[in-house]
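Down below is the structure, laid out as structure tokens.
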Amino acid sequence: MKIFRFVLRIYGFLAVLALVLSSTAVAQPLMFNTPQADAILRGLEIFPRDNPWNQVIINWPIHPDSKSIVASVGNEKPLRYNPDMSFILVPTNQPRVEVKLTGYPDPRLRRLLRW
């Protein structure tokens with residue numbers, strides 16, 4: 001179920017990114033890790049200014065159970081991320097191509113990913 005939710009989040013993020021980029025000038029395909037892509041992405045406002053994701057929380061008090069919450073995950077565990085989650089910024093007039101997804105990690109995703 002965690003994979004299912006993760007895939008939904010990724011698709012949601014990509015949909016929002018595509019919507020925002022549609023109003024941004026991208027002249028040619030750009031890899032995500034280039035200075036040109038950084039300049040475009042730096043100027044994007046994904047969420048409205050009053051969205052909770054934009055709140056500054058540095059001075060908020062720490063939750064009373066914070067230590068036990070972190071301990072339940074593992075104090076010494078490294079932060080894991082997927083370095084393969086790269087993307088390419090493309091112009092809005094880029095021709096669409098069919099993408100076939102295979103090798104589903106979870107059979108439940110097969111239903112979700114069949115459009």
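We did not get these values from a lab; they are worked out from the coordinates using the rules stated. These figures come from a predicted structure and were not determined experimentally. Heads up, the Cβs are rebuilt from the backbone with ideal geometry, glycines too, and the neighbour counts pull from every protein chain shown.
Gain on full extension, evaluated as 0.36 nm per residue between K77 and D38 minus their Cα-Cα distance, stands at 11.0 nm.
Once the C-beta distance of I57 and S86 is scaled by a Förster radius of 41 Å, the resulting FRET efficiency is 0.90 to the nearest 0.05.
As a rough guide to protection, the peptides 34-44, 72-82 ranked by mean Cβ packing within 10 Å, highest first, stand as 34-44, 72-82.
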